[in-house]
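Have a look at the structure below, then the notes.
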Amino acid sequence: MNLTFISDTHSLHDRLPTIGAGDVLIHCGDFTGRGTLDDTLNFAEFMAAQPFTHKIVIAGNHDWCFEDKRRNIAEHILKEYGLIIKRIKPRIHASGHIHEGYGKRKVGKTLFINACVLDERYQVRNPPIVVKL
């Protein structure tokens, strides 16, 4: 199985080189430029046209319409284009980005990891985080 990952297209997905075809396409967030429903519709059309067996979409911090009263409409748009909405509670949620937020924290059954190795001054400060399953 081949997994293809893209992220942070910010409504510029039409400028991407050809992604190709495959088993699973995963967009890791920030697919809208301004968090609008129009951006979401345009993105849904783009994703529907991609020749992948499965498609996974993660709303990012710029995809604001999934965080406010427009959420149901935004989810409906994705569903109309065959993108299934599924809320999950993962065992591990790993990210970076917030340099000063390095570390682990358990909330409920989910282990949140910020694995940023650099501090806010872009100095290497933190070791890799290892989790044994």
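The values are calculated or read from the model by the stated rules, or taken from the named source; none is laboratory data. This one's a predicted model, so the numbers in the text were calculated from it and none came from an experiment. Positions of Cβ are generated from backbone atoms using ideal geometry, with glycine treated the same way; all protein chains shown enter the neighbour counts. Accessible surface areas use protein heavy atoms only, side chains included; no ligands, DNA or RNA. Shrake-Rupley method; radii C 1.70, N 1.55, O 1.52, S 1.80 Å.
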Unmet criterion (only one of (1) more than 20 Å from residue 131 (Cβ to Cβ); (2) surrounded by 17 or more Cβ atoms within 10 Å (Cβ to Cβ); (3) out of contact with any strand residue (DSSP E or B) (no Cβ under 7 Å at 6 or more places or on another chain)) for residue 116: (1)
Can you find even one residue in the range 27-34 that is more than 14 Å from residue 74 (Cα to Cα) and surrounded by fewer than 14 Cβ atoms within 10 Å (Cβ to Cβ)? no
Residue, farthest from residue 71 (Cα to Cα), within the range 1-39, restricted to residues that are assigned to a strand (DSSP E or B), out of contact with any Ser or Thr (no Cβ under 6 Å at 6 or more places or on another chain) and not hydroxyl-bearing (Ser, Thr, Tyr): 3
How about the range 65-82: which of its residues are aromatic (Phe, Trp, Tyr) and under 18 Å from residue 95 (Cβ atoms)? 66
Within the range 95-106, residues being open to solvent by less than 70 Å² (accessible area, probe 1.4 Å) and assigned to a strand (DSSP E or B) number 2
Matching residues in the range 119-130 - criterion: being hydrophobic (A, V, I, L, M, F, W, C), under 24 Å from the mean Cα position of the chain (by Cα) and either surrounded by 14 or more Cβ atoms within 10 Å (Cβ to Cβ) or over 18 Å from residue 94 (Cβ atoms) (or both): 129
Go through (1) touching a residue at least 24 places away in the same chain (Cβ under 8 Å); (2) over 15 Å from the mean Cα position of the chain (by Cα); (3) open to solvent by 100 Å² or more (accessible area, probe 1.4 Å) for residue 79 and report which single condition fails. (1)
When you scan the range 40-59, do you find a residue that is more than 28 Å from residue 15 (Cα to Cα), open to solvent by 70 Å² or more (accessible area, probe 1.4 Å) and assigned to a loop (DSSP other than H, G, I, E, B), even just one? no
